[in-house]
Structures are given as structure tokens and as C-alpha cells.
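Let me begin by presenting the structure, written as C-alpha cells, before commenting on it.
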Amino acid sequence: MLSISHKAKQLLVLLIKLLIVGSAFYFIYDQLAHNNQLNWVLFLEKFNKNKSFLGISFIILLSVSNRFLEILKWRNLVSIIKPITIFEATNQALSSLTAGLFTPNGIGEYAGKALFFEKRQTKKIIFLNLICNGAQVIVSVFFGIIGLLYLGYFKWVLIIIGSASGILFLLFALKKINIKGYSIEILLQELSKIPKKIYQKNNILAVCRYLVLSHQYYFLFLAFDVQLPYFTLMAAIASVYFLASSLPTFQFLDFAVKGSVALYFFGILGVNEWIVVFISTIIWFLNLVLPAIIGSYFVLVFKHK
């Protein structure tokens, strides 16, 4: 009876793995094959005209750096529980990325990382992942507000700051309210237990990751012959990244959301629509699709703790 139960459990785990990997590949294929905004003829013409081995290598290097910085962030935070190697951090980060690919706002990523640790540590892992992602959000908000101010969207900034202030005031007013063992007060207590060095390193890595990703956008616009002043282009990129990241979505639709927001900002600046769509797609493919494909291998070989 125990043998049958064990085999059934193994089969179920295998089916879940295949479902995760199969769903990830289906969503990737569907977005690339059925997106009517992608004009491949124009893209190939531009690519053949401006193709450069060094340029392509540099863009790919930025994607590798972006993902590696995220892996270092996770390794840094999880060291509070136990030290892990770069390979272990890569395994956990990429496999959880694949698992979160088709869940709202990457929620599956939280559960994916928790599976690598003992059950009693689940809450702690989810909490650390929240800090890991939260630092990136704060950085994007900071640069995004600067970008909006630079582009002259003062009313938008006032609305954003006013709304954020109202939400923070409400949260702190209700910080002692306990919901199933969770409250803002408990969250703040847990935050205070994390060493300052861990926080500082996490924040530095988050800023570095943001700068890498935003400059990848910048260099791709240059590759497509977009001639805009550096600060104007970076301000628009910061605004797009901030506003698109604040919208609830699925990770596999990330390029569509960022692309639609980018079309608004860059359209005002006179950038051709198809260029904006293609750059958003390239960023999505290099920074999400390729890591998720690698993560699929880690999902298939995963063994639950």
C-alpha cells in the first residue's frame, strides 16, 4: 500500500512538473506567434542593416547581468536562514521564475522558492521573497517619479504621491489589526530583525539591476536609430517601467503591458510604434523567456525537500 502511494505521489509530482513547463512553453509560443503588432519583415530589415556581433553580445550580456544580480539578491537574503551556493540560488530563482510565469504578478514564484526549504520555513521564505521584490519596486518608483517629473507630468506625480500617502496612512492606522496571524505591526517587527548589512546589499543590488535593465532599453533604442537626448530617453524608460510594473498582470504578458504603456510615452516623443513594440518584446524575451526556459530544466529535475 505504501509502495503504491509512493508511486502515485511520484507520478503526481511528474505531472505537475510537466504541466508547469508545458504551460510556460505554450504561453511563450502563443505570444510570439499570434501577436499582430510584431512586424517581422521590418524587424529583419532593421536587424540586417544594423547587426553587429559585439552589439548583440553586449545586449545579451546585460540580460545575463540582470538575472545574475537577481540571483545574488536572493542568495544574500536567504543567507539569514542558511548560506547557499550561487548554483543553488540560480536553481531556486530560475525554477521559481518558471513556476510564476503564468500566475498573477508572479505569485507562483513565492510558492516555488518555498518548496526548496522545510515546511516550517515557508512563511520566512515568502517574507524574504517579498523583501527581494519589494526593493525592486521601491527603486522603480523612485526613478519613475523622477522620470515623470523630468517629462513634465507634475499632476501625475501629485496623484501618485497623494494616493501612496493615503494608503500608507491607512496601513499604519490599521497596523495592529491581525488577520490569520498577520499584521503590519508583525511585519515591521520581522523587518527589524534583518541585519542592516543584508538590507544595504539588497538595495545596492536592486539599484544595479534597475540600471542594467533600463540601459538595456536605452541601447536597444539606439540600435533602432532612435535619436533622442539621453535624459529624455531614460526618463521615458523610467516612467514606463514604473507605471507598467504597478499594473496587475501575468508575467507572460509582461511585454504586452509594458509595450502598451511604452507606446503612449514614446508615441508622444515621436518614436515609431513598431520599434517600441519590438524593443518591449526583445526585453521580455531576453529577460524573462530565456531564463524561464533554463528554469524549466531545474523544474524537471527538482526534488522536494
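The values are calculated or read from the model by the stated rules, or taken from the named source; none is laboratory data. The structure displayed is predicted, hence computed values, not measured ones. Positions of Cβ are generated from backbone atoms using ideal geometry, with glycine treated the same way; all protein chains shown enter the neighbour counts. Only protein heavy atoms, including side chains, enter the accessible area calculation; ligands, DNA and RNA are left aside. Shrake-Rupley method; radii C 1.70, N 1.55, O 1.52, S 1.80 Å.
Against the conditions (1) open to solvent by less than 10 Å² (accessible area, probe 1.4 Å); (2) modelled with pLDDT of 90 or more; (3) over 16 Å from residue 201 (Cα atoms), residue 87 satisfies every one except (1). Considering only the stretch 58-84, state which residues are assigned to a helix (DSSP H, G or I), open to solvent by less than 50 Å² (accessible area, probe 1.4 Å) and hydrophobic (A, V, I, L, M, F, W, C). Of everything in the stretch 58-84, those that are assigned to a helix (DSSP H, G or I), open to solvent by less than 50 Å² (accessible area, probe 1.4 Å) and hydrophobic (A, V, I, L, M, F, W, C) turn out to be 59, 62, 69, 71, 72, 74, 77, 78.
Taking the stretch 292-302 as the search range and keeping residues that are open to solvent by 10 Å² or more (accessible area, probe 1.4 Å) and part of a helix (DSSP H, G or I), which one is nearest to residue 69 (Cα to Cα)? The selected residue is 294. Based on what the data block shows, is residue 143 of a type outside the set (Val, Ile, Thr), in contact (Cβ under 8 Å) with a residue 60 or more places away in the chain, buried (at least 17 other Cβ atoms within 10 Å of the Cβ) and not in a helix (DSSP H, G or I)? No: the conditions fail for residue 143. Restrict the check to the stretch 151-165 and report whether at least one residue is modelled with pLDDT of 90 or more, assigned to a helix (DSSP H, G or I) and of a type in the set (Gly, Ala, Ser). Checked the stretch 151-165: no residue is modelled with pLDDT of 90 or more, assigned to a helix (DSSP H, G or I) and of a type in the set (Gly, Ala, Ser).
In this structure, residue 97 does satisfy being under 24 Å from residue 211 (Cβ atoms), part of a helix (DSSP H, G or I) and touching a residue at least 24 places away in the same chain (Cβ under 8 Å).
Screening residue 184 with (1) within 26 Å of the chain's Cα centre (by Cα); (2) at pLDDT 75 or above gives one miss only, at (2).
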